[in-house]
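The values are calculated or read from the model by the stated rules, or taken from the named source; none is laboratory data. All values reported here derive from a predicted model rather than from experimental measurement. Here the Cβ positions follow ideal geometry from the backbone for every residue, glycine too, while neighbour counts run over all protein chains shown.
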Amino acid sequence: MFFYCTVYMLPDDAKCFDSISAEDQGVLEQIVARHGQDASKLLQILREIQERFGYVAPSVVSCLAEHLSIPRARIESVTSFYSFLHLKPHGDYRVLFSDNITDRMLGSQALMERMCQQLWLQPGKVSEDGLVSIGTTSCTGMCDQGPAMLVNGRAITHLTHQRVQEIGQLIRNRTPLSDWPSDFFRIEDNIQRSGLLLGNFLEPGEVLRAALGLGSDGIVEQIKASGLRGRGGAGFPSGMKWEGCRNAQGTEHYVVCNADEGEPGTFKDRVLLNLQADLVFEGMTLCALAVGARKGFLYLRGEYRYLLEPLQAVLQSRRDDNLLGANILGQSGFDFDIEIHLGAGAYICGEESALIESLEGKRGVPRNRPPFPVTHGYLQQPTSVDNVETFCQAVLALHMGAEKYRAIGTAKSSGTKLISVSGDCPRPGIYEYPFGVSVREVLQDCGAVNTRAVQISGPAGVCLGESEFGRKLGFEDLPTAGAFMVFDDSRDMFEVARNFVHFFAHESCGFCTPCRVGTSILKQTMDKIAAGHGTRYDLTEIENLDRVLQTTSHCGLGRSACNPVLHTLKHFRPAYENKLKSLDFEPAFDLDGALARARQMTGRDDAGAHLKENE
């Protein structure tokens, strides 16, 4: 295959495509060919180009546009949407410290400052020699073993001042990542309490063989009778979803596993994909049998890039054992295979319709609903989207039988739930409980003491004070995607909420004005209060802003953006009031203070050089 490229005038600092070596040109051609020159695979093509060349150069954009027969604007738009893709060089080493609240509690900010000092670099800047850039990312999914960072997409956990010093020296010496100490990249599973799911010993294909006799109708009826509900937090009945997808009209049906686990404080899917990948893929295959799908996708968050090759190996093993591919287990016409797509740093892609947009090689902007993915999903075809834990639980439900499975948990929440515990406790990690466990029981098991608050289900969830620790996890009371963040009495809950607010402002996709502007206003208001300029007027305005976002936001991100503030205000109002002034209103911008630099340069500091008399 030969690349025909249009040559454009490029900035002096841009790497011209013509200057890329013949070897690199061949690599680029192979990437495009491997994806069948399919524009719907654009994100995967861009991700591989980013890994190989360090960024997506303007000349590469031109070549891709011509070869995929799509506008340059689309390629640049998609690239700019995802935080792990870049249109300009970001250094040979791209260092991103996790900025999740639990990482901050463990000292991530001081560690980042130390590395910046060591490498003579400002955060967010590229070094003058183009060697390195240092910044932050929202959450790496390593909350149980932070502080954590990503270096060129590879996760490093348990950061200390000594380890950061060593990493800085390796970067300064231009040591390839392949030669870094392997211990740096060790990621633990931290399973603290096993149950029905984590303690299973099912053989690959065991449940699938038994389910062949049930057929599509039988599988759907068993899942419905088991009471299985989605483990992503919303809790939609899985059997109803599978049935709706099976009955929907379409030329093809698809199965999608949502492994874009981006909610801060959640890391259970990371562990399941590492330890129970066969169970995940078995659940997807059972779903395919139920809905009549021939193609499945696992959408893996970009922070879990290290899992890609092991997961590919599991898929190949299943193909070799005739558990994937054509005529699975000798069943004529039962054809199904799975493809892994990697995300590239966009929290919003955890929303199922945004995930589907991303699968199609677009910006991950949530769709209008209805129609729902179950009837108009991937390529506008019927698509069943479930998360990693849901597919695992579906296998267990079919293996045990609906009656036995439903006997576990509570009346409206059958089965078990994995909880990702992090924060102020001596035993962070993964805990599995039957639904109905109380918050207090989890705190006792993880060894937490002097607990002031627990954040359930991440920033989008609820914050509980001590008076509510008797509440129970389940769809009747506290539905959760799995995050369980613990804060002891040394923590300032205002700063916790402020971190969550910054997270929402950063992760807003920008599609709708209420969320794009509203999250920014909320962030500015919290920063204003933190700077000592807040008043009770600002708290009232936050409540008004919440009403606007609740009624006008395009998706759930905007509707939940004010939750951290409103929930912490309810339980910890003094944390806010202690920072407020008594005035009804004070502007966030201090004009007189902004003139301080001018006074310093002119050597004047008399009353006439101020906008008002100093008090």
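THR136 meets all of the listed conditions (1) modelled with pLDDT of 95 or more; (2) assigned to a loop (DSSP other than H, G, I, E, B) but one, namely (2).
For region 505-561, a residue qualifies if it is among the β-branched types (Val, Ile, Thr) and either in contact with a Gly (Cβ under 6 Å, 6 or more places away or on another chain) or under 16 Å from LEU580 (Cβ atoms) (or both), and the qualifying residues are THR525, ILE529, THR535, THR540, ILE542.
Among the candidates GLY199, GLY235, GLY213, the residue that is assigned to a loop (DSSP other than H, G, I, E, B) and on the phi > 0 side of the Ramachandran plot is uniquely GLY235.
The C-beta contact set for region 425-454 (first residue at negative phi, second residue aromatic (Phe, Trp, Tyr) and in a loop (DSSP other than H, G, I, E, B), distance under 6 angstrom, 6+ apart or interchain) comprises VAL439/PHE469; ARG440/PHE469. Taken over region 482-499, the criterion of being within 18 Å of ARG440 (Cα to Cα) and under 25 Å from the mean Cα position of the chain (by Cα) is satisfied by GLY482, ALA483, PHE484, MET485, VAL486, PHE487. In the set VAL454, VAL421, VAL437, only one residue is outside the structural domain of LYS570 (by TED's automatic domain parsing), crowded, with 23+ Cβ neighbours inside 10 Å, more than 18 Å from ASP492 (Cα to Cα) and touching a strand residue (DSSP E or B) at 6+ places or on another chain (Cβ under 7 Å); that residue is VAL421.
Select from region 444-476 the residues that are in a strand (DSSP E or B) and not β-branched (Val, Ile, Thr) and write down the one among them that is nearest to the chain's Cα centre (by Cα). Result: GLN455. Would you check if there is a residue in region 362-369 being out of contact with any Leu (no Cβ under 7 Å at 6 or more places or on another chain) and not in a loop (DSSP other than H, G, I, E, B)? No, the conditions are met nowhere in region 362-369.
Kindly indicate the residue of region 30-82 that is among the polar types (S, T, N, Q) and buried (at least 20 other Cβ atoms within 10 Å of the Cβ) and also farthest from GLU357 (Cα to Cα) among those meeting that condition. Out of the qualifying residues, it is SER59. Those helices (runs of 4 or more DSSP H) of region 548-613 in which 1 or more residues are at pLDDT 80 or above occupy 556-560, 563-577, 596-602.
Scanning region 424-434 for residues that are β-branched (Val, Ile, Thr) and either surrounded by fewer than 23 Cβ atoms within 10 Å (Cβ to Cβ) or in contact with a Phe, Trp or Tyr (Cβ under 7 Å, 6 or more places away or on another chain) (or both) yields a count of 0. Screening GLY233, GLY292 for residues that are over 23 Å from the mean Cα position of the chain (by Cα) and surrounded by fewer than 24 Cβ atoms within 10 Å (Cβ to Cβ) leaves exactly one candidate, GLY292. Within region 383-412, if we keep just the residues that are within 17 Å of ALA483 (Cβ to Cβ) and not aliphatic (A, V, I, L, M), the residue that is surrounded by the fewest Cβ atoms within 10 Å (Cβ to Cβ) turns out to be THR390. Of the set (1) under 23 Å from GLY429 (Cα atoms); (2) modelled with pLDDT of 95 or more; (3) of a type outside the set (Asp, Glu), all apply to ILE75 but (1).
Please tell me if THR535 is in contact with an Asp or Glu (Cβ under 9 Å, 6 or more places away or on another chain) and at pLDDT 95 or above. Taking the combined requirement at face value, the residue does not satisfy it. If you take the residues in region 168-199 that are crowded, with 17+ Cβ neighbours inside 10 Å and touching a residue at least 60 places away in the same chain (Cβ under 8 Å), which one is farthest from GLN117 (Cα to Cα)? For region 168-199, the residue satisfying everything is LEU196. Out of LEU279, LEU272, which single residue is assigned to a helix (DSSP H, G or I) and either of a type in the set (Lys, Arg) or over 30 Å from ILE101 (Cβ atoms) (or both)? From the options LEU279, LEU272, the qualifying one is LEU279. Scanning region 38-50 turns up no residue that is under 22 Å from the mean Cα position of the chain (by Cα), under 30 Å from TRP180 (Cα atoms), assigned to a loop (DSSP other than H, G, I, E, B) and not assigned by TED's automatic domain parsing to the domain that holds ARG154. Checked against the criterion of being more than 28 Å from THR390 (Cβ to Cβ), basic (Lys, Arg), surrounded by fewer than 19 Cβ atoms within 10 Å (Cβ to Cβ) and without any contact (Cβ under 8 Å) to a residue 12 or more places away in the chain, the candidates ARG516, ARG536 yield just one match: ARG516. The residues of region 238-269 that are over 23 Å from ARG301 (Cα atoms), in a loop (DSSP other than H, G, I, E, B) and polar (S, T, N, Q), listed by number, are GLN249, THR251.
Taking the criterion of being surrounded by 15 or more Cβ atoms within 10 Å (Cβ to Cβ), out of contact with any Phe, Trp or Tyr (no Cβ under 7 Å at 6 or more places or on another chain) and not in a strand (DSSP E or B), the only residue of region 124-133 that qualifies is SER127. Quick check: is even one residue across region 111-120 assigned to a strand (DSSP E or B), modelled with pLDDT of 95 or more and of a type in the set (A, V, I, L, M, F, W, C)? No, the conditions are met nowhere in region 111-120. Scanning region 89-102 for residues that are within 11 Å of THR137 (Cα to Cα) and in contact with a Pro (Cβ under 8 Å, 6 or more places away or on another chain) yields a total of 3.
With respect to the stated conditions, ASP99 is of a type in the set (D, E, K, R) and under 18 Å from the mean Cα position of the chain (by Cα). Annotation note: of LEU315, LEU329, LEU323, the sole residue that is over 22 Å from LYS241 (Cβ atoms), of a type outside the set (Phe, Trp, Tyr) and not in a helix (DSSP H, G or I) is LEU323.
Only one of the numbered conditions (1) in contact with a Gly (Cβ under 7 Å, 6 or more places away or on another chain); (2) of a type in the set (A, V, I, L, M); (3) modelled with pLDDT under 95 is not met by ILE223, and that is (3). Select from region 480-497 the residues that are modelled with pLDDT of 95 or more and part of a loop (DSSP other than H, G, I, E, B) and write down the one among them that is surrounded by the most Cβ atoms within 10 Å (Cβ to Cβ). The selected residue is ARG491. Scanning region 89-109 for residues that are part of a loop (DSSP other than H, G, I, E, B) and either under 27 Å from ALA460 (Cα atoms) or without any contact (Cβ under 8 Å) to a residue 40 or more places away in the chain (or both) returns ASP99, ASN100, LEU106, GLY107.
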